[in-house]
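Below is one structure, written out as structure tokens; the observations come after it.
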Amino acid sequence: MGTNGIDLSAGYTTPDLEEARIKEAAINTSYMAFILADRTKFRRVFSVSFAQLKQCCIITDHIPDNRFANETVIKEVMK
């Protein structure tokens, strides 16, 4: 699933409360959850958090900071 923001302390965030509730329920009932996000989503925080970093694996085009990789599994897609 997508996200609007990924932050070390806030986790995965979105400005939409209903969207956050749906994503939170999906993640909490999944064996494994994946977040698809490009480099612009990192270090951004929106008003509603729907999961902590460690709850999902991230698929991205670039890891901007290795501290994120210390918190969860991140797969960097090569162009």
Tell me yes or no: at least one residue of the range 35-53 is free of Cβ contacts under 8 Å to residues at least 24 places away in the same chain and touching a helix residue (DSSP H, G or I) at 6+ places or on another chain (Cβ under 9 Å). no
Find the residue count for the range 1-26, including only residues that are among the aliphatic types (A, V, I, L, M), open to solvent by 10 Å² or more (accessible area, probe 1.4 Å) and farther than 19 Å from residue 69 by Cβ. 5
Return the total of residues in the range 47-70 being surrounded by 15 or more Cβ atoms within 10 Å (Cβ to Cβ) and within 11 Å of residue 11 (Cα to Cα). 8
Working only within the range 33-46, note down all residues that are open to solvent by 30 Å² or more (accessible area, probe 1.4 Å) and touching a Cys at 6+ places or on another chain (Cβ under 7 Å). 34
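The values are calculated or read from the model by the stated rules, or taken from the named source; none is laboratory data. This structure is a prediction, so every number in the text was calculated from the model and none was measured. When we count neighbours, we look across all protein chains shown, and the Cβ atoms used for this are built from the backbone with ideal geometry, even at glycine. Heavy atoms of the whole protein, side chains included, go into the accessibility calculation; ligands, DNA and RNA do not. Shrake-Rupley method; radii C 1.70, N 1.55, O 1.52, S 1.80 Å.
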